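The structure appears right after this line, and notes come after that.
No lab work stands behind these numbers, since they all come straight from the coordinates. Not measured: the values here are computed from a predicted model. Ideal geometry is used to build each Cβ from the backbone, glycine not excepted, and the neighbour counts take in all protein chains shown.
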Amino acid sequence: MKKPNEQGGHRCITRRGLVRAGLALGGLTLGGAALMAMSSERAFAAGGSLTVTEAGNFADIYSDLCPWMRVSGAVGSVAYCGESKLAPPSAGTTYAQPRPVGNRAVDFAVYYGEGSPYEQANHYGLDDRRWWLATQYVVWLALGDTEHNSASHVRDTLANMPASRAGIEAFYNDAMAYAAGPAGPADGCAMWYPSPSPGSIQSLVAMGESTGTARVAKAASRGDWL
C-alpha cells in the first residue's frame, strides 16, 4: 500500500449545501454468472486494542473529505472512521473492546477494500489513493444514517468528485448486493472499535483476525468469492 499525501486532519465532512448525487442500487459489477460451489468461509474474531499511528486527509482530492489513518493492532494496519459527523482521531489515540459490526455490506467493504489481504485486484479502476478513499466511503454509506453518521450527506459529496464517483458507486453497489446474497467469505470480518470519547471523535472500523475456515455450499456470482 502507498501512503497517501498527508495533510492536517480536521472534521471528516462539513456540510456545504452540496448537490445530491443518489446511488443507484444495481447488480454485482465484479462480473460472472451465478454458480453453486463449495466455499471456504473464513471465521473472524475481534482482536485487542488498536492505536492510531498516523493520520491525515485527502484535501487535494476534496477539501472537506475524509481522513486516512495507519494503526497498530489491526489487520493491514488500516482502520476506517465509522461516524462521519464527528472528528477523526489523531495519532496516539487508542481504541479497545472491539465487537463485530454485524453489517454484511460493511464486511464486504473491509474484506475487499484497502489494507485487506483479500483486497479487490483492480480497485474498481481507481488509483491507490482514491481506492483508500473509496473504501472509507463505502463503509460510511453501508452504515447508513445514524446519530453520528450521515450516509445521505456522504452521497451528496460524490457530486464533487467526478474522478472517484463511478468507482465508489460500483464498490457500494457490490457491497449491497453481497449483503442481500448468500453467505460469503467476508461475513463477520468487520469489527467496531467504540470511540474513547463518544460524541467527540469517531469510532473506528477495522478487520478482525482470521480464526480459520469452514467448507460450506453456496451460490456466488464472482469466482474469487469461492
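Against the condition surrounded by fewer than 16 Cβ atoms within 10 Å (Cβ to Cβ) and in contact (Cβ under 8 Å) with a residue 24 or more places away in the chain, how does Asp187 come out, does it pass? Walk me through it before giving the result.
Numbers: surrounded by fewer than 16 Cβ atoms within 10 Å (Cβ to Cβ): no; in contact (Cβ under 8 Å) with a residue 24 or more places away in the chain: yes.
Answer is no for this residue.
Okay, residues lined up against (1) touching a Phe, Trp or Tyr at 6+ places or on another chain (Cβ under 6 Å); (2) of a type in the set (Phe, Trp, Tyr); (3) assigned to a helix (DSSP H, G or I); (4) under 18 Å from Thr94 (Cα atoms):
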| site | (1), (2), (3), (4) |
| --- | --- |
| Ala163 | no, no, yes, no |
| Tyr172 | no, yes, yes, no |
| Ala177 | no, no, yes, no |
| Gly181 | no, no, no, no |
| Gly188 | yes, no, no, no |
| Trp192 | no, yes, no, yes |
| Pro198 | no, no, no, yes |
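So that you can scan it fast, the table gives a plain yes or no per residue for (1) without any contact (Cβ under 8 Å) to a residue 60 or more places away in the chain; (2) closer than 24 Å to Cys189 by Cα; (3) part of a helix (DSSP H, G or I); (4) not charged (D, E, K, R):
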residue: Ser84; (1), (2), (3), (4): no, yes, no, yes
residue: Gly92; (1), (2), (3), (4): yes, no, no, yes
residue: Gln136; (1), (2), (3), (4): no, yes, yes, yes
residue: Asp145; (1), (2), (3), (4): yes, yes, no, no
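Tell me yes or no: at least one residue of region 158-165 is under 19 Å from Met207 (Cα atoms) and of a type in the set (Ser, Thr, Tyr). No, that holds for no residue. Check region 117-131 and report whether any residue there is in contact with a strand residue (DSSP E or B) (Cβ under 6 Å, 6 or more places away or on another chain) and closer than 22 Å to Thr53 by Cβ. No: region 117-131 contains no residue that is in contact with a strand residue (DSSP E or B) (Cβ under 6 Å, 6 or more places away or on another chain) and closer than 22 Å to Thr53 by Cβ.
For the structure I just gave you, tell me whether Val110 is closer than 16 Å to Ser210 by Cα and part of a helix (DSSP H, G or I). Spelling it out, Val110 is indeed closer than 16 Å to Ser210 by Cα and part of a helix (DSSP H, G or I). Could you list, in sequence order, the residues of region 147-160 that are part of a loop (DSSP other than H, G, I, E, B) and surrounded by fewer than 19 Cβ atoms within 10 Å (Cβ to Cβ)? Glu147, His148, listed by residue number. Are any of the residues in region 197-210 more than 21 Å from Gly56 (Cα to Cα) and among the small types (Gly, Ala, Ser)? Within region 197-210, one or more residues are more than 21 Å from Gly56 (Cα to Cα) and among the small types (Gly, Ala, Ser). No other residue among Glu114, Glu147 is acidic (Asp, Glu) and under 16 Å from the mean Cα position of the chain (by Cα) apart from Glu114.
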